[in-house]
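Reviewing the structure listed below.
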Amino acid sequence: MDEFRAEVKELQIGQQIRHLRQERRMTLQDLSTETDLSKPLLSQIENEQVIPPLATLLRISKALNVPLHTFFQEEDNTQKCLVVRANEETPTKRRPKFEGPPQPYRYQSLAYGKKHKHMEPFLMEFEPHHTEQVSQVQHAGEEFLYMLEGNVELCYGDDVYLLNAGDSAYWDSTEMHSLKAIGDKLARGIAIFYSRN
């Protein structure tokens with residue numbers, strides 16, 4: 001856990017959120033109202049005590065009127081075409097945490113240097129031994145997942161789907177949903193989040 005906290009502090013997601021919130025003259029209560037997230041949770045995120053899952057970051061980005069990638073970019077990059085090489089370090093690999101135990105996945109941005117985009121591609125790793133309490137989430141936008149290896153369970157509303165290597169799923173993110181590894185092997189996939197902003 002200390003390793004994850006150190007990585008998150010490098011990215012400074014909480015500080016970015018606080019800066020953007022204060023720049024817009026929003027209180028924590030204002031942000032809480034806009035995101036439907038609790039004030040204590042938002043305070044923990046801003047103070048780098050909690051690692052927010054992507055869905056939570058998406059809610060916050062919508063309320064602050066900034067794209068999700070704002071929290072992952074390291075420099076001002078206005079390139080029209082961005083290539084990320086396999087040997088390049090991407091410092092955005094995190095295990096998100098939402099009021100309670102860590103979520104059972106880690107994500108790594110695949111376009112972390114590109115600004116002004118509507119899609120957010122990520123490499124997702126689903127850990128098989130962290131699936132006891134998976135939180136369902138919902139947020140504006142759409143998601144796509146293509147499984148590279150392993151097995152993942154997608155809970156979408158009242159439906160449950162088992163996704164294996166080579167399978168894909170596309171869904172409207174406004175419905176409650178969750179993902180978790182099935183079995184005892186690490187599962188990996190390419191996820192794309194789309195936002196209309």
Boolean, residue 59 is at pLDDT 75 or above, under 27 Å from residue 147 (Cβ atoms) and among the basic types (Lys, Arg) = yes
Mind listing whichever residues of segment 33-75 are more than 22 Å from residue 105 (Cβ to Cβ) and within 10 Å of the chain's Cα centre (by Cα)?
-> none
Would you call residue 145 out of contact with any Lys or Arg (no Cβ under 9 Å at 6 or more places or on another chain), at pLDDT 90 or above and hydrophobic (A, V, I, L, M, F, W, C)?
-> yes
Do we have any residue at all in segment 161-174 that's exposed (fewer than 13 other Cβ atoms within 10 Å of the Cβ) and closer than 21 Å to residue 59 by Cβ?
-> yes
Please name all residue pairs, on different chains or six or more residues apart, with Cβ atoms under 6 Å, provided the first residue is in segment 54-70 and is farther than 20 Å from residue 121 by Cβ and the second residue is not acidic (Asp, Glu).
-> 63/31; 63/35; 64/20
Go through segment 22-65 and give me each residue that's of a type in the set (Lys, Arg) and out of contact with any Ser or Thr (no Cβ under 8 Å at 6 or more places or on another chain).
-> 24, 25
With criteria (1) β-branched (Val, Ile, Thr); (2) at pLDDT 85 or above; (3) out of contact with any strand residue (DSSP E or B) (no Cβ under 6 Å at 6 or more places or on another chain); (4) surrounded by 13 or more Cβ atoms within 10 Å (Cβ to Cβ), residue 84 comes up short on (2)
Checked segment 48-60 for anything assigned to a loop (DSSP other than H, G, I, E, B), on the phi < 0 side of the Ramachandran plot and touching a helix residue (DSSP H, G or I) at 6+ places or on another chain (Cβ under 6 Å); matches are 50, 51, 52
Expected output for segment 28-43 (first residue under 16 Å from residue 137 (Cβ atoms), partner outside any helix (DSSP H, G or I) and of a type outside the set (S, T, N, Q), Cβ below 7 Å, 6+ apart or cross-chain) is 41/50; 41/99
Index of the failed condition, residue 181 passing every other in (1) surrounded by 15 or more Cβ atoms within 10 Å (Cβ to Cβ); (2) modelled with pLDDT of 95 or more; (3) over 30 Å from residue 64 (Cα atoms) | (2)
Can you tell me which residue among 79, 44 is modelled with pLDDT of 80 or more and over 19 Å from residue 191 (Cα atoms)?
-> 44
Here the residues within segment 184-197 that are among the charged types (D, E, K, R) and either part of a loop (DSSP other than H, G, I, E, B) or modelled with pLDDT under 90 (or both) are 184, 185, 196
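The values are calculated or read from the model by the stated rules, or taken from the named source; none is laboratory data. Please read these numbers as outputs of a predicted model, since none were measured by experiment. Virtual Cβ from ideal backbone geometry, glycine too; neighbours counted across all protein chains shown.
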